[in-house]
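Take a look at the structure below.
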Amino acid sequence: MKQGDLVVRKSYGGDVTFRIEAFMKDLVIIKGIDFRLLADAPTNDLMPVTEGKPLHYKEEQAFIRAKESTRLLEQHRRVQTERNQADLNQKMMNHQPYFEVPGKVLHLDGDPNYLRKSLDLYNQLRVPAEGHYVTEANMSDVLYRLLPRVKPDIVVITGHDGVYRHLKNRDLYSLSSYKNSQNFVNAIKTARQYERNFDVLNIVAGACQSHFEALLQAGANFASSPGRILIHALDPVYVAAKASFTPIRETINIVEVLSQTITGTDGMGGIETRGSYRIGLPKLRDLTNLDIVPSIP
């Protein structure tokens, strides 16, 4: 086995596919391909993933839910566009084209591969987003510099996390039991110092097994992980996209958005929050350098 190889853990029944990141003495550092999990394992616990190997049931279900979540978000966008145009036609008695200003996302990710996947999905869903690969320990400092420049409506703070396995008395309500929850808390507090209004700046934070309660208490609108489970790499993206295209006069349908994430309410939770989406008239001809997307025809 070498760096970059795909492997599964025998002791966990091969439920999650990992990529080998590094070798440290008798341990191998591995990162989940689809789940935001950073782990270590002895070499003899790892088994290479052969080409064409069927997906484990857990990964197969996650793949199916990911496709369904994306389909539902795209369907929501089409219905929203039709509703907007119908409302304008009724009020103005003619077909009045409009332009859209969805909420802008600033996405900080502690994993470059997950960042690329996230930005691809934002682009597919037509969500204006700026992404940066930042190690979890540096997220607070980077946010302090980026927020005044980017001026986002939604901030996503994610990467890797987890509960330390070696602790004799694991206290799930102590931040010291987690790999990166304290770093996420620090970043959330920095964002809340920049903007205290929960409806002006929507914060989506956390990764696998993160200290959900601490992240909410620090000021997150949505966070992982209420059930201390592994979350899918794209779960924070689905929540951010929903916030981006929920009208400012409405609250994000919390039941709908959480049920449409891949890991559900065990993976993500949150509080009632207004959306960031606006429409404008008349339709603009030049959208250059504006965080505006053409309406769906």
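Data overview
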item	result
Hits in the stretch 274-297 - residues which are assigned to a loop (DSSP other than H, G, I, E, B), at pLDDT 60 or above and touching a helix residue (DSSP H, G or I) at 6+ places or on another chain (Cβ under 7 Å)	275, 276
Selection within the stretch 6-28 - part of a strand (DSSP E or B) and more than 27 Å from residue 261 (Cβ to Cβ)	20, 22, 23, 24, 27, 28
Pairs, first hydroxyl-bearing (Ser, Thr, Tyr) in the stretch 13-31, second part of a loop (DSSP other than H, G, I, E, B) and surrounded by 16 or more Cβ atoms within 10 Å (Cβ to Cβ), C-beta under 9 Å, six or more apart	17/33; 17/34; 17/49; 17/56
Index of the failed condition, residue 3 passing every other in (1) in a helix (DSSP H, G or I); (2) at pLDDT 85 or above	(1)
Residue 24 being at pLDDT 75 or above, touching a Lys or Arg at 6+ places or on another chain (Cβ under 6 Å) and either of a type in the set (A, V, I, L, M, F, W, C) or buried (at least 16 other Cβ atoms within 10 Å of the Cβ) (or both)	no
Qualifying residue in the stretch 255-273 (condition: touching a strand residue (DSSP E or B) at 6+ places or on another chain (Cβ under 6 Å), buried (at least 18 other Cβ atoms within 10 Å of the Cβ) and at pLDDT below 95)	yes
Boolean, residue 192 is among the basic types (Lys, Arg), closer than 18 Å to residue 136 by Cβ and part of a helix (DSSP H, G or I)	yes
Residue match in the stretch 30-53 (condition: of a type in the set (Lys, Arg), modelled with pLDDT of 70 or more and part of a strand (DSSP E or B))	yes
Enumeration of residues in the stretch 106-140 that are part of a helix (DSSP H, G or I), open to solvent by 40 Å² or more (accessible area, probe 1.4 Å) and either under 26 Å from residue 247 (Cβ atoms) or in contact (Cβ under 8 Å) with a residue 40 or more places away in the chain (or both)	113, 117, 119, 120, 123, 124, 137
Given (1) of a type in the set (S, T, N, Q); (2) surrounded by 16 or more Cβ atoms within 10 Å (Cβ to Cβ); (3) in a helix (DSSP H, G or I), index of the condition residue 176 fails	(2)
Residue that is in contact with a strand residue (DSSP E or B) (Cβ under 8 Å, 6 or more places away or on another chain) and over 18 Å from residue 269 (Cβ atoms), where the choices are 156, 163, 239, 142	142
Positions within the stretch 27-44 being of a type in the set (D, E, K, R) and surrounded by fewer than 16 Cβ atoms within 10 Å (Cβ to Cβ), in sequence order	40
Residues of the stretch 225-234 that turn out to be open to solvent by less than 10 Å² (accessible area, probe 1.4 Å) and free of Cβ contacts under 8 Å to residues at least 60 places away in the same chain, as a count	1
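Condition check ((1) at positive phi; (2) at pLDDT 90 or above) across all residues:
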residue: 88; (1), (2): no, no
residue: 96; (1), (2): no, no
residue: 126; (1), (2): yes, yes
residue: 152; (1), (2): no, yes
residue: 158; (1), (2): no, yes
residue: 164; (1), (2): no, no
residue: 178; (1), (2): no, yes
residue: 195; (1), (2): no, yes
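The values are calculated or read from the model by the stated rules, or taken from the named source; none is laboratory data. Since this is a predicted model, take the numbers as computed values, not measurements. Every residue, glycine among them, receives a Cβ derived from its backbone with ideal geometry; neighbour counts consider all protein chains shown. Please note that ligands, DNA and RNA were not included when accessible areas were found on the heavy atoms of the full protein model with its side chains. Shrake-Rupley method; radii C 1.70, N 1.55, O 1.52, S 1.80 Å.
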